Amino acid sequence: MKPFYATTPIYYVNDLPHIGHIYTTVVTDTATRYHRLIGEKTRFLTGTDEHGQNIEKAAAAQGMTPIALADSVVARYHDLWKKFEISNDDFIRTTEKRHRTGVEALISRIEKAGDLYTARHEGWYCGSCEAFYTEKELDEEKRCPVHGTPCVWESEENVFFRLSKYAAPLLEHYEKHPEFVRPEARRSEMMSFMRGGLSDLSVSRSKVKWGIPFPGRPGQVVYVWLDALTNYVTALGFGSEDDRLYREFWDNPEGRRVHLIGKDILRFHAVYWPAFLLSAGLPLPTTVWAHGWWLRDEKKMSKSIGNVVRPDGLVAEFGADALRYFLLREMTFGQDAHFSDEAFLGRFNADLANDLGNTVSRVAALLRQSFGGTPPEACDSNEILSALSAAGSEWRAAMENLAFNRALEAVWRFLTQINGYVVAREPWKVRKEEGRSTRLSRILYAAAEGVRLSAVMLFPFMPVTSRKIFVTLGLPGEDPGPGDLDWGRLPTGTPTPESGPLFPRADKSAYFESTTGFSAKAEDAPMDKQTGSGKDVTAPVETTQAVSPSDSRIGIEEFQRVRLVTGRVLTAERVPKSKRLVRMEVDLGAERRQIVAGIAARYEPETLVGRNVVIVANLKPATLMGVESNGMVLAATVGEAGEPSLLEVAADVPPGSRVK
Ligand code: MSP
């Protein structure tokens, strides 16, 4: 049996998870669940990328140590992956000892191959990518092709990796293994990049402190990408005494090693990583699969642009399965897709509430009304069996190729056929005319078995929903295995429970209220509520816990968790179409923040520029009228109307000073 090893990228801990991160993880989870379901030996890895300059800076800006920042974001990831039923076998953090040991072992092999040397390094550097770019990759203003922000000229003494030596061997590998990079367009892109020749790569930094010390090169830390990419083998025990998993899932000619990534990080995975592995004499991944971006307003969703969709509200209202379904159904793997609230709601009502939910409810109701459970007699319906065989082979082929939307389409077609079968056989009439006849039993068995098999095929996509369907059919709510894909597994004569709808229809206004965490009258909400408005799907509003009057005091530690700092307003403008909201760029000393506040009724935006205000700096981001706010400006609320009056500090207090 060929082992199947799938990985997600490891996520930076300077950002909270959003739909983009969730997508890669859900896709990998679905692929792994499929391979597990068909009886293969699988392993699924995800984790966090915790070293480097960006994390160092983000932590400093929040007055935290990098590891404390990482710990808090990792807790968020664990929480979220649990909600999404992500079935990873391991979660690697690059700050773990086992990772460091593995990185050192890999570097020592690269060193032995003679592929490292020290030299002065100069070039155009994008801090957000933590990568250098060549002149020809940048525009006239030297802006990063991914972030659109200006790159800076950097010059330092570094350790270099002889990447140039690997262009030819890599191209040869690409030629021999057409499946090495997918989709095909991405493979061609990487091949033409390498045909232009590769420059040696700087793999250490002397200016960054937060990282793994470079073995044998005092004063240098390992370049964050060399550090991060190695996670795929360190998590398997590479370089440690117990490397059984490494031998089973990586150093195994039979095994498949698949990296699922976003197209933004393709070069790192399809060129640098295999070059490191070639140098170290280790096997390469079988396939690097790059997916497209989730876009919002034509742009990649990203924290730096501030147009991200955070999942909390959607999950609380509709369940993680609905979001998993939407992400997998709406995006053609490999291409970009737009996230829109209308599309989400449309799919929820049409596909989930109507097609899936109603088919399940209809069949379940027929079973209960006719037999109080599953029918007493099994049957091999030719009609349903041939529909199943077509759907099943399409589903398998699509799953093997990560064409999730096609796999779902196949299941949906099958559901329509089951519905058609029920409508044509009119079991309600048969019951009236013949009572609990063999004919009735056989019709309903075929329909119910079809529903069960649809639920098995849906299991990799929506595990919670599948289990619920099994329970509705009188089965235990357990994860299905390979045998469950065979016809005839539905037992006869088993009682079935009463069950509610799988996905109750959502109406539009309830949708926007629940996902934004506030009513449509958000404009009237007090300014200190970090709420959203309009069509944005945002992080939920943090609610304060109710406390009894005598118990409302807090300890100093609790107060100290609120990070208050001074900030100087650099720019201010009204948020379009809003009466109360002002968007400000605020200087917090070590960083600039975009903050939105409901103060336009009292302050003209121009009068705000230059003011020294007090900011809650460690508030979770919230989206207000489509604009992300990263912090809150403090103000007193005056009079009945609660008019805001900004808290200000003397002009000579530098931005970023802690208020306590
Ligand atoms: N830490 C690196 C990866 C190192 S892997 C050895 C990194 N981290 S990240 O947190 O910035 O992003 C990780 C991945 O999240 C992206 O490659 C991509 O898979 C996913 N996405 C982030 N934003 C996205 C969208 N807007 N759309 C789809 N996926 C995107 O890069």
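Quickly estimate the mean residue ellipticity at 222 nm for the chain, helices only: each DSSP H run with n ≥ 4 gives -39500 (n - 2.57), and the total goes over all residues, rounded to 500. Working shown, then result.
Numbers: 21 runs with 240 residues, N = 660.
Helix contribution divided over all residues of the chain: -11000 deg cm²/dmol.
Towards the positive end of the charge dipole of the chain, with charges on Cβ (+1 Lys, Arg; -1 Asp, Glu), say which of V565, M632, L588 has the farthest Cα.
It is M632.
Taking the Cβ of N231 as the centre, find all other residues whose Cβ is under 12 Å away and add up their charges (Lys, Arg: +1; Asp, Glu: -1).
Numbers: positive: R93, R98, R100; negative: D49, E50, D90, E96, D227.
Result for the neighbourhood of N231: -2.
Averaged per residue, what accessible surface does the chain expose to a 1.4 Å probe, in Å²? Each step should come with its number before you reach the end.
On the way: 27870 Å² over 660 residues.
So the chain comes to 42 Å² accessible per residue, rounded to a whole number.
Give the cross-link partners of K579 among the lysines, using a straight C-alpha distance below 20 Å as the criterion and excluding same-chain residues fewer than 8 apart.
Straight-distance partners of K579: K521, K529, K535.
Beyond 10 Å, what percent of the Cα pairs of the stretch 300-339 remain? Display every interim value, and only then the final one.
Values: 574 of 780 pairs.
Everything past 10 Å amounts to 74 percent.
Given the pairs K57/K303; K97/K209; K57/K83; K112/K165, which span a C-alpha to C-alpha distance of over 22 angstrom in this model? Display every interim value, and only then the final one.
Details: K57/K303 15 Å; K97/K209 17 Å; K57/K83 30 Å; K112/K165 15 Å.
Checking Cα-Cα distances, K57/K83 exceed 22 Å.
Tally up the carbon and sulfur contribution to the accessible surface of the stretch 1-117 as a whole percent, 1.4 Å probe, everything protein left in place.
That share works out to 52 percent.
May I ask which residue of L170, L16, Q369 lies farthest towards the positive end of the charge dipole of the chain, with charges of +1 (Lys, Arg) and -1 (Asp, Glu) on Cβ and the Cα centre as origin?
Of the candidates, Q369 comes out farthest on the positive side.
Percentage of Cα-Cα pair distances in the chain greater than 45 Å, rounded to whole percent? Spell out each step's value before the answer.
Numbers: 64872 of 217470 pairs.
The share of Cα pairs beyond 45 Å in the chain comes to 30 percent.
Based on Cβ point charges of +1 for Lys and Arg and -1 for Asp and Glu, what charge dipole magnitude is obtained for the chain about its Cα centre, in debye rounded to the nearest 20?
Working: 81 positive and 86 negative charges, 136 e Å.
So the magnitude is around 660 debye.
Taking +1 at the Cβ of each Lys and Arg and -1 at the Cβ of each Asp and Glu, which of Y445, M331, T30 sits farthest along the dipole of the chain towards its positive end, judged by Cα position relative to the Cα centre?
Farthest along the dipole direction, towards plus: Y445.
In terms of the Cα gyration tensor, with a ≥ b ≥ c the square roots of its eigenvalues, is the stretch 163-265 rounded because a/c is under 1.5, prolate because a/b exceeds b/c, or oblate? Let's see the in-between values first.
Numbers: a/c = 2.07, a/b = 1.18, b/c = 1.75.
Taking the square roots of the gyration eigenvalues as a ≥ b ≥ c, the stretch 163-265 is oblate.
Could you tell me what a quarter of the Cα convex hull surface of the stretch 383-477 works out to, in nm² with one decimal place? Please report the intermediate quantities before stating the final value.
Working: hull surface 24.8 nm².
Seen from a random direction, the Cα hull of the stretch 383-477 projects 6.2 nm² on average.
Can you give the charge dipole size of the stretch 331-454 about its Cα centre, rounded to the nearest 20 debye, using +1 on the beta carbon of Lys and Arg and -1 on the beta carbon of Asp and Glu? Don't jump to the answer; show the numbers that get you there.
Numbers: 14 positive and 15 negative charges, 129 e Å.
Its charge dipole is roughly 620 debye.
Once phi is turned into ³J(HN,Hα) by the Karplus curve 6.51 cos²θ - 1.76 cosθ + 1.60 with θ = phi - 60°, what whole-Hz value does each residue of the stretch 628-638 show in order, with x for glycine and proline?
7, 10, 10, x, 9, 8, 7, 8, 7, 9, 10
Please give the charge dipole size of the stretch 1-121, origin at the Cα centre, charges +1 on K and R Cβ atoms and -1 on D and E Cβ atoms. Round to the nearest 20 debye. Display every interim value, and only then the final one.
Details: 16 positive and 15 negative charges, 58 e Å.
That gives a dipole near 280 debye.
The values are calculated or read from the model by the stated rules, or taken from the named source; none is laboratory data. As the structure is a prediction and not an experimental result, all values here were calculated from the model. Reconstructed Cβ throughout: ideal geometry from the backbone, glycine too, with neighbour counts over all protein chains shown. Heads up: the accessible areas ignore ligands, DNA and RNA and are worked out on the full protein's heavy atoms, side chains in. Shrake-Rupley method; radii C 1.70, N 1.55, O 1.52, S 1.80 Å.
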